[in-house]
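The values are calculated or read from the model by the stated rules, or taken from the named source; none is laboratory data. Not measured: the values here are computed from a predicted model. Neighbour counts are summed over all protein chains in view; Cβ atoms, including those assigned to glycine, are modelled from backbone coordinates with ideal geometry. Note: areas computed on protein heavy atoms with side chains; ligands, DNA, RNA excluded. Shrake-Rupley method; radii C 1.70, N 1.55, O 1.52, S 1.80 Å.
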Amino acid sequence: MSKIFIDSVFRVPRSWSNRELKKFAHLFQGDVVNVSAWRDEDKEDGYYRDYFSSSQSYILTNYDEDKCGYQGQKNEIFLDLEKPISKELNGKFDVVFNHTVLEHVYDFQTAFTNLCSLSKDIVIIVTPFMQKVHAHYGDFWRFTPSCITRLFADRGLSVIYQSYNEDKRASTYIFTIASKNPQKWSSISE
């Protein structure tokens, strides 16, 4: 019985955040990058690239050069979020997507700046808010909704959508979409 409970602690917020992403991902066109995607799996037998059905291109980054190419996807790039991004990557993507990575990056301020710098407009992040620390992954941080809003504002982006799951006996994730052009996305913010 406890195995099911432990599994649901992590599976419930993942399923919830996947449903949240499905509500919006199809709205975004252009070039999409999933930052530190590793396998790009949504952990429900799907792939995040399929969520962005209107995108022109979809690229993965990975934090470890040894993991690059693991998916066999063309144009996959190595990206260390704790180091400044190259000039070629600045504003390269229309949408930057990042799912449950920031809590594993010690220098989250640089990482957050990099996520925002990669984007021409949209940044979508999913972060754990209330979740047991899993130290064997190098787990450092938890972010509140107001912290995320402030991190975006400090970098010139406005939160246009933010939500979180409220499931009993499960971790809580925060799903946030921010934009450099919020007026363009008034239908989302409503």
*Before we move on, is Lys74 on the phi < 0 side of the Ramachandran plot, at pLDDT below 95, open to solvent by 30 Å² or more (accessible area, probe 1.4 Å) and over 17 Å from the mean Cα position of the chain (by Cα)?*
yes
_Go through region 88-106 and report how many residues are over 22 Å from Tyr47 (Cα atoms) and either at pLDDT below 95 or open to solvent by less than 20 Å² (accessible area, probe 1.4 Å) (or both)._
2
*How many residues does region 80-101 contain that are touching a Leu at 6+ places or on another chain (Cβ under 8 Å) and part of a helix (DSSP H, G or I)?*
1
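Working carefully through the options Asp40, Asp31, Asp45, find the one that is open to solvent by 10 Å² or more (accessible area, probe 1.4 Å), among the acidic types (Asp, Glu) and under 28 Å from Asp80 (Cβ atoms).
On the way: Asp40 fails: open to solvent by 10 Å² or more (accessible area, probe 1.4 Å); Asp45 fails: under 28 Å from Asp80 (Cβ atoms).
That would be Asp31, the only listed residue that is open to solvent by 10 Å² or more (accessible area, probe 1.4 Å), among the acidic types (Asp, Glu) and under 28 Å from Asp80 (Cβ atoms).
Can you work out which of the residues in region 135-165 that are assigned to a loop (DSSP other than H, G, I, E, B) and in contact with a strand residue (DSSP E or B) (Cβ under 7 Å, 6 or more places away or on another chain) is modelled with the lowest pLDDT? Walk me through it before giving the result.
If we filter region 135-165 for residues that are assigned to a loop (DSSP other than H, G, I, E, B), which is where we start, we get 138-144, 154-157, 165.
The next check asks that each one be in contact with a strand residue (DSSP E or B) (Cβ under 7 Å, 6 or more places away or on another chain); those that pass are 142-144, 157, 165.
On the way: Arg142: 80, Phe143: 89, Thr144: 93, Leu157: 98, Asn165: 74.
My answer is Asn165.
Going by the conditions given, is Val9 modelled with pLDDT under 95 and either part of a strand (DSSP E or B) or over 15 Å from the mean Cα position of the chain (by Cα) (or both)? Walk me through it before giving the result.
On the way: modelled with pLDDT under 95: yes; either part of a strand (DSSP E or B) or over 15 Å from the mean Cα position of the chain (by Cα) (or both): yes.
Against the criterion (modelled with pLDDT under 95 and either part of a strand (DSSP E or B) or over 15 Å from the mean Cα position of the chain (by Cα) (or both)), Val9 qualifies.
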_Of everything in region 21-48, what is at pLDDT 95 or above and of a type in the set (D, E, K, R)? Give them in sequence order._
Lys22, Lys23, Asp31
